[in-house]
Ligand SMILES: Cc1cc2nc3c(=O)[nH]c(=O)nc-3n(C[C@H](O)[C@H](O)[C@H](O)COP(=O)(O)O)c2cc1C
């Protein structure tokens, strides 16, 4: 995967000679997988054409603040929210002064004032402009407010002088952006860990067109996959047939039957650290799958000759139990969907299947399956926590926090 996959970078360009380097910088970000948009000051457009940046990034360049058409296309607030990181390169002495004084008199300065996104700046100017107390004070103010400054470098300048004021090279700036995101990912609690999740229902074929299944929508498992990914984990999602898109940056394997889910999960469990079994796996499947569609046998009067059809079922393998027994070092979390005796049944399952944790939820009577909300009891060997009914996405975030805590303390003890 590229270092900047799915990252959105807004490049701000102000009016300085070094603007020509920014085209290379934009290219380097895109090469590393980033989506790039560009905002230019009026002065910047005198140094490099918006057309060049538009062609390189594949996106229209933003430069007007008070233009109804531009505002309707992607307004300044929208643009401010869109970015994961803003890099202003080059940052002119004048723009630095405007930012330090909180001005919002053009699109770029307005975005900087209207965003919570981290802002990085790469100053570039004549060495005397750079060493001037006014510029130095403005830079200090920006640093204190959370801006991150990069450079300038020393060397020969476009004006013929030599000293500090050169903008960092395009590749150096791209490496900085990559390092920022690497540090961000590496500081997450599940960085370097693999979380394996099963989700959705299974389908047990009766004949080529019919199957036995259940009402599981997969929403809870998918929400947990998203939450685990946001905590820095590599997520492997083994999913039965559902109407959901794979969450961003999650690797999904689609399966149909319990047997396929068993094989895929056992395979992936070998390299996993945490296993969360949310799938509603069928306990039984037809003992024999008919080669052809099963038909009614009717006589000449259209009376069914076999009014009763008996389907022989066989027990499926228990994925959760097989995984937790085969991989005792894996932190295994089960789900117990119960219609009665919730806690008692869940505790028994925790022991019986050798789990580290079990998440119990009441199903049936408009609860649990195929709904957007859920209420759960989290039970582990020396503790229990109740999470009230809430949206499955919020619940998944809370649950993943508890799993991460218990997993971390269990790895310390191992
Ligand atoms: C040829 C030329 C080169 C310039 N180079 C720089 C520069 O490298 N850094 C800088 O801070 N200002 C430089 N300036 C001055 C800025 O373009 C000027 O201050 C402008 O108002 C900045 O506008 P902006 O901050 O809105 O982009 C240069 C001006 C000219 C005419």
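Each value in this text was obtained by applying a stated rule to the coordinates, not by laboratory testing. The model shown is predicted, which means the values in this text are computed figures rather than measured ones. Backbone-built Cβ (ideal geometry, glycine too); neighbour counts: all protein chains shown.
Name the shape class, rounded, prolate or oblate, that the alpha-carbon gyration tensor gives for the chain, where a ≥ b ≥ c are the square roots of its eigenvalues, rounded holds for a/c under 1.5, and otherwise prolate holds if a/b is larger than b/c and oblate otherwise.
prolate
Please determine, in degrees from 0 to 90 and to the nearest 10, the orientation of helix 219-230 with respect to the longest principal axis defined by the Cα atoms of the chain, where the helix direction is its Cα long axis.
Around 40 degrees separate the two axes.
Have a look at 259, 131, 63 and tell me which one the Gaussian network model of the chain (Cα, springs below 10 Å) gives the largest fluctuation.
Fluctuation is largest for 131.
Relative to the present Cα-Cα distance, how much length would full extension add between residue 213 and residue 158 at 0.36 nm per residue of separation? Don't jump to the answer; show the numbers that get you there.
On the way: separation 55, 0.36 × 55 = 19.80 nm, distance 7.09 nm.
Taking 0.36 nm per residue and subtracting the Cα distance, the gain is 12.7 nm.
So for the pair residue 296, residue 248, with labels modelled 7 Å out along Cα→Cβ, what separation do we get in nm?
Spacing of the two 7 Å Cα→Cβ label points: 5.2 nm.
Taking 0.36 nm per intervening residue step and subtracting the Cα-Cα distance, what contour gain separates residue 144 from residue 66 on full extension? Don't skip to the end; give the middle numbers.
Working: separation 78, 0.36 × 78 = 28.08 nm, distance 3.01 nm.
Taking residue 144 through residue 66 to full extension adds about 25.1 nm, to one decimal.
At 7 Å along Cα-to-Cβ for each site, give me the label-to-label distance between residue 20 and residue 309 in nm.
Going from the residue 20 label point to the residue 309 one covers 7.7 nm.
Relative contact order (percent) for the chain, with alpha-carbon contacts under 8 angstrom and 6 or more residues of separation? Kindly include the intermediate steps, with their values, before the conclusion.
Numbers: 833 pairs, mean separation 43.4, N = 414.
Relative contact order of the chain: 10 percent.
Going by alpha carbons, how many degrees (0 to 90, nearest 10) lie between the helix axis of 170-186 and the longest principal axis of the chain?
40 degrees
Run the Debye formula on the Cα coordinates of region 8-186, all scatterers equal and no solvent, and tell me log10 I(q)/I(0) at q = 0.12, 0.14, 0.16 1/Å.
For region 8-186, the Cα-only Debye profile gives -0.50, -0.69, -0.93.
For region 270-295 and region 370-414, compute the distance between their C-alpha centroids and round to whole Å.
Going from one Cα centre to the other spans 26 Å.
With a 10 Å Cβ neighbour count serving as the proxy for reagent exposure, in which order, fewest first, do 203, 166 appear?
Details: 203 20, 166 25.
The most exposed by this proxy come first: 203, 166.
What angle do you read, to the nearest 10 degrees and between 0 and 90, between the alpha-carbon axis of helix 392-413 and the longest principal axis of the chain?
Helix 392-413 sits roughly 90 degrees off the main axis of the chain.
Among 40, 400, 129, determine the one that fluctuates most according to a GNM of the chain built with springs between C-alpha atoms less than 10 Å apart.
129
How much length is gained if the chain between residue 288 and residue 205 is pulled fully straight, taking 0.36 nm per residue apart and subtracting their Cα-Cα distance, in nm to one decimal?
Values: separation 83, 0.36 × 83 = 29.88 nm, distance 0.90 nm.
In short, 29.0 nm is gained.
Could you work out the relative contact order of region 8-186, using alpha carbon pairs under 8 angstrom and six or more residues apart, expressed as a whole percent? Could the numbers behind the result be given before it?
On the way: 338 pairs, mean separation 40.0, N = 179.
For region 8-186, the relative contact order is 22 percent.
Taking the Cα centre of each part, how many Å lie between region 82-122 and region 182-211?
So the two Cα centres are separated by 40 Å.
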